[in-house]
Amino acid sequence: MQVYHRARMTTAISVKQLAVTFGGRGNQAAVAALLPLDLDVPTGRIVGLLGPNGSGKTTLLRVLAGLQRPTAGAVTVLGDEPDSAAAQRRVAFQPEGALPLGVLSAPEFLAYIGAELGLPNPESDARAAHWLDRLDLRHAGRRWVRTFSTGMQKRLALAAALLGDPELLLLDEPTAGLDPFGSEVVTTILRERAAAGTTVLMASHHLLEVEEICDEVLVLQNGAVRARGTLSELLATDSHAMVVRGLDATAMAGLADDARARGGEVVRIERPREHLFALFRRLAARGREGS
Amino acid sequence: MKFGLSARGPFGLTCRRCLHMGWLPTLLAAVLAFTLHLTIAPALGEQHAPGAASPWLVFPMVVASLTCAVTAAVFWPTFARGRPGQQWVERLQRGPLRGSGGAMAGALLAQWLLTVPLTTALALALGAPSSAVTHLQLQPEGQPVLAADRPPVSFTIRDPQPFTELRLRPLAGLPTSSLVPTIVEVFADGESLGTMPAPFAETRQLVRLPFSSRSMHRLELVHKAGTVPLVFVPGAVTLRAATAHWSLSNGLLAALLALLPSFVAMALASWCGLLAGLPTVIAVVASGLFVQTIVGLGPFEPTMLALMRGHWLATSAVFQPCAASLTVGSMAMILAMLLRRRVRR
């Protein structure tokens, strides 16, 4: 499948003084889900949305997807109102949780999504086949979606979000419940999409993953932005660290002494070991050969 | 790659799902109804009274409509609140009912396809006539009471097509003196058609007067003898037309009219589903169907009765309750659209 490189538009998401309040009718106490916040996301960026549960991440995504009307403020996505027909076609939203129409198979589910996006049937089927292959869902065959594992449902949800070749992807926990391979496939796809000009805003609790793929992060807490910036801006410190590999124990001890003598702190000296992911991949590959 | 998928929208997907879920229960109910009809059919005084078998037809019809309506409510995520994946559908479906309207239409088509064999084949198997005939119900012009000291009861026929039979089924009043059954003579456009074959002594006693095919503009019932006053309430005087219609078209029409209770039930459910979860929505669907089919508020029961009696439905009186059902269903749909617009965000 061809990924189209888009003509650059400078801002994908523009939010000004956005506030969302729930309740407040009758005896019900009003709950501020989002305090007035401003946000501009340039096109082609992958922005991570971090924050504890209840911090307003999902509410922000729902507003941007046109599913939640803001109490105050102005929001545009790709230059349109979030609930406009144009935005609905160009913006994809992958909400968290189960997929609808659980008694359909994966191809049937994607065919429904394609039809509602207005794709011609042959094109919809071709795109569906591409994403089912890419996300390793072909083997699911005619199985009902509701019998899928959490990881399979997540991958199918991403396939559905990508089916319309969106310019803006709003993802709520896209890798939650995925195994390391699934996560790797998803992050690779997101990077490819960003390189092709798609803007990605993803809420996640997987800090390592966010660190790995996001250009920028936004930290929300109690509905307010607590921090925002590129990873190097947010994570930089004044001190420097050195990672050394390939010395024997004696040379390493000497290096450590030298570091201490210069006022440095030796945090840890350890025997290098394989990364857990590499072990996982090796075992899985062995399993596949065996079968 | 081609998946060969024909159903892609809410209409097609729901129709397919309802057919999948509904065919077996409907078939089992039809077999059960037919078996029970054969084994415990009531012994009737009349030789042939197919109308008495209409409950056996109603039973599988209700099963089909209940299965389709409940399946639609369960299958389509925007029928009730808090369903899995509702956000996907709400975002993709831009119509005022978020796809529920298409899903309802799909369920209704599935129900129609499931019930057509019932209203055609099963109805014939239960004894419905092989052809359907217009039964024109007449309304009296003046006082509807026929007694010795009263003028004849007359009727004007606005559709002067050829008729072959007159059926009288009046209410009987208390005799004015000692009981003598009332004899009635019938005149068409001033010409006597003869005396009714049996005198009237009981209320709702059905007496038929066959005659050679003729059209008429005016009908008069004249009191000849007897002490039992007769009251010709609506439905008590019926003219049977000469032209016979194919029973298959009557069956197709009956299956169509039987969709109305389901439409009303699902429209009410889509309205309740704005604020209620799936169990409440299913309860609304089931109780809506129960009230309209079992209790008889709506066109379902009269339609099935008319079908079994061989009344041509296109000209029968069942359209009056149809209009009421259609109005209730349409109002519920409009209300659901308006409220959904307000409540959604």
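General remarks:
- Compared with the dominant Cα axis of chain A, that is its longest principal axis, helix A:276-290 is turned about 70°.
- Whole-percent P(r), the stretch A:165-268, all Cα pairs, 10 Å bins from 0: 11, 31, 23, 20, 13, 1.
- Highest average first, the peptides B:329-335, B:145-151, B:99-105 ordered by how many other beta carbon atoms sit within 10 Å of their residues are B:99-105, B:329-335, B:145-151.
- Equivalent ellipsoid semi-axes - Cα gyration tensor, chain B, angstrom: 47, 21, 18
- Proximal aspartates and glutamates to A:Lys154, defined as alpha-carbon separation beneath 15 angstrom and excluding residues fewer than eight positions away on the same chain: A:Glu96, A:Asp133, A:Asp136, A:Asp172, A:Glu173, A:Asp179, A:Glu184
- For A:Thr147 and A:Ala176, a Förster radius of 22 Å and the Cβ-Cβ distance give a FRET efficiency of 0.70, rounded to the nearest 0.05.
- Here's the picture: charge each Lys and Arg Cβ at +1 and each Asp and Glu Cβ at -1 in the stretch A:11-235, and of A:Val63, A:Gly23, A:Ala74 the one pushed furthest to the positive end of that dipole is A:Gly23.
- HN-Hα J in Hz across the stretch B:142-152 - Karplus 6.51, -1.76, 1.60, θ = phi - 60°, x for Gly and Pro: x, 5, x, 9, 10, 8, 4, 8, 10, x, x
- For the stretch A:139-147, 3J(HN,Hα) computed residue by residue from phi via the Karplus equation (6.51, -1.76, 1.60; θ = phi - 60°) reads 5, 5, x, 9, 4, 5, 4, 6, 8 Hz, glycine and proline entered as x.
- Cα-based convex hull volume of the stretch B:104-260 per residue, rounded to whole Å³: 137 Å³
- Cα centroid separation - the stretch B:114-141 against the stretch A:115-166, whole Å: 49 Å
- Quotient of Cα Rg and 2.2 N^0.38 Å for the stretch A:249-290, N being how many residues it contains: 1.97
- Those trypsin sites (Lys or Arg not before Pro) in the stretch B:198-245 that DSSP places in a loop and that have at most 15 other beta carbons within 10 Å: B:Arg204
- With R₀ set to 51 Å, the beta-carbon distance separating A:Arg138 from B:Asp159 gives a calculated FRET efficiency near 0.20.
- Percentage of interatomic Cα-Cα distances in the stretch B:195-345 larger than 18 Å: 69 percent
- Using a cutoff of 8 angstrom between alpha carbon atoms and counting only pairs six or more residues apart, the relative contact order for chain A works out to 22 percent.
- Stretchable slack from A:Glu123 to A:Lys16, in nm (0.36 nm times residue separation minus alpha-carbon distance): 34.8 nm
- Using the Cα coordinates of chain A, the gyration tensor eigenvalues translate into equivalent-ellipsoid semi-axes of 37, 29, 18 Å, sorted from longest to shortest.
- Taking the Cα centre of the stretch A:11-235 as reference, the dipole from Cβ charges on Lys and Arg (+1) and Asp and Glu (-1) amounts to some 560 debye.
- Overall shape of the protein assembly as shown was characterised from the C-alpha gyration tensor. The equivalent ellipsoid obtained from it has semi-axes of 75, 25, 19 Å, in decreasing order.
- Within straight-line cross-link reach of B:Lys224, aspartates and glutamates at Cα separation under 14 Å, skipping those fewer than 8 residues along the same chain: B:Asp149, B:Glu185
- Averaged over the residues of B:80-93, the number of partner chain Cβ atoms lying within 10 Å of the residue Cβ comes to 6.
- Theoretical FRET efficiency, 1/(1+(r/R0)^6), r = Cβ-Cβ of B:Glu202 and B:His20, R0 56 Å, to 0.05: 0.65
- Degrees separating the helix A:249-261 axis from the principal Cα axis of chain A, which is the longest one: 90 degrees
- When exposed loop sites are taken as trypsin sites (Lys or Arg not before Pro) in a DSSP loop with at most 10 other Cβ atoms within 10 Å, the longest stretch of chain A clear of them is A:26-141.
- Computed over the stretch B:186-228, the alpha-carbon pair-distance distribution with 5 angstrom bins reads 5, 19, 27, 26, 14, 8, 1, each value a whole percent.
- Amide proton proximity set for A:Ala12, modelled H, under 5 Å, gap of 5+: A:Val41, A:Thr43
- The H on the amide N of B:Ala242, modeled in the peptide plane, is under 5 Å from the matching H of B:Phe163, B:Thr164, each at least 5 residues off or on a different chain.
- Backbone HN-Hα couplings from phi across the stretch B:117-134 [Karplus 6.51/-1.76/1.60, Hz, Gly and Pro as x]: x, 6, 6, 9, 5, 5, 4, 5, 5, 7, x, 5, x, 7, 9, 10, 10, 5
- Computed about the Cα centre, the dipole magnitude for the stretch B:140-233 is approximately 200 debye when only Lys and Arg (+1) and Asp and Glu (-1) carry charge, each at its Cβ.
- Between A:Ala285 and A:Val266, the modelled labels are 3.5 nm apart [label points 7 Å from Cα along Cα→Cβ].
- Within the protein assembly as shown, helix-based [θ] at 222 nm, where runs of 4 or more DSSP H residues each add -39,500 (n - 2.57), nearest 500: -13000 deg cm²/dmol
- Using alpha-carbon coordinates, inclination of helix B:54-75 to the longest axis of chain B, degrees: 20 degrees
Every number in this text was worked out from the coordinates using simple rules, so none of it is lab data. It should be emphasised that the depicted structure is a prediction, and the values quoted were computed from it without experimental measurement. A quick note on method: Cβ atoms are made from the backbone with ideal geometry, for glycine too, and the neighbour counts reach across all protein chains shown.
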